[in-house]
Amino acid sequence: MEDFDDDELYDDKLHQEYKRKEREMSFLDHLEELRWHVIRALLAIVVLAIVAFMFRAPIWHYVILAPSRPDFWTYNMFCRLGTITGADFFCIDELPFIIQNRRMTAQFTMALSSSFIIGIIVAFPYAFWEFWRFIKPGLYNNEQQVSRGAVFFVTVLFLSGILFGYYVVAPISINFLTNFKLDESILNEIDLTSYVSTVMMLVLACGIMFQLPVVVYFLTKAGLITPQFLKMYRKHAIVVILVLSALLTPPDIISQILMCIPLLFLYEISIMVSNTIKRKEDKLLLEEENE
């Protein structure tokens, strides 16, 4: 009898050891799969960065340095608005500054860093698609149905933020900062790295902040926030948005308002998203209880 119990205990230990190794292999398999998703995403970024570096001359002239010239699209639209409304101050005839390079290696390092950032921006939809391919199989069927189109909406929000930052926030900020003078005798000779870092920061910040509805979606799915919570702390959220707008934009009221308006709009959309997710979860829970 004792021998039988010992054999049964031994078999149970073997079974537990087998299960443990199976879980470890499964975990390692997931890590291996994640590694290949990351490698493919990074490869796409590197390839696009190389392409951007090869075409650096037109990219710098027509994209990166474009907001530093009075003929930029945004300034032309402001001038048309001024012509329609009779407000001539909307027209920007000149931007009183020049861009200088004061370091031997600055232009080369700026070409590399800007190419890499452009690679990230252009490859973002594919990189997120790779990330989504990894996490999607771990979702339940109802979660996959609710999150259908996640790659599309994340991409649209990100690119909308990038375009908003590039065509609205960045040029208005540049216009304000270059026209603000302590004295007429002071010339604005802007360093190349300062100009590029300012433009990149504003553009990328808008692209990231426009992901607010997506963040709220996943936090709601995780049960960390509810629509009631978002509504209750709406006033606090407005204060946070105002602070972020003040930190990310120059200290002029126009730029801050232009940053606040879309963020407030996205916050209201986030409440609607959270409310939709909550209603669907409550409906599924009710159906399970009735069964």
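The values are calculated or read from the model by the stated rules, or taken from the named source; none is laboratory data. Since the structure is predicted, the reported quantities are computational estimates derived from the model, not experimental observations. Glycine also receives a Cβ, built like all others from the backbone with ideal geometry; neighbour counts cover every protein chain displayed.
Sort out which residues of the range 80-112 are buried (at least 16 other Cβ atoms within 10 Å of the Cβ) and either modelled with pLDDT of 85 or more or outside the structural domain of Pro171 (by TED's automatic domain parsing) (or both), and write them in order of number.
Leu95, Phe97, Met110, Ala111 - these are the residues of the range 80-112 that are buried (at least 16 other Cβ atoms within 10 Å of the Cβ) and either modelled with pLDDT of 85 or more or outside the structural domain of Pro171 (by TED's automatic domain parsing) (or both).
Does Leu230 satisfy the criteria of being modelled with pLDDT of 85 or more, surrounded by 14 or more Cβ atoms within 10 Å (Cβ to Cβ), outside the structural domain of Pro125 (by TED's automatic domain parsing) and over 20 Å from the mean Cα position of the chain (by Cα)?
Considered against the rule, which asks whether it is modelled with pLDDT of 85 or more, surrounded by 14 or more Cβ atoms within 10 Å (Cβ to Cβ), outside the structural domain of Pro125 (by TED's automatic domain parsing) and over 20 Å from the mean Cα position of the chain (by Cα), Leu230 comes out as yes.
Quick check on His37: is it closer than 25 Å to Ala123 by Cβ, at pLDDT 55 or above and touching a Lys or Arg at 6+ places or on another chain (Cβ under 9 Å)?
Yes.
Check Val203 against each of (1) at pLDDT below 90; (2) crowded, with 19+ Cβ neighbours inside 10 Å and name the one condition it does not meet.
Looking at each condition in turn, Val203 falls short on (1).
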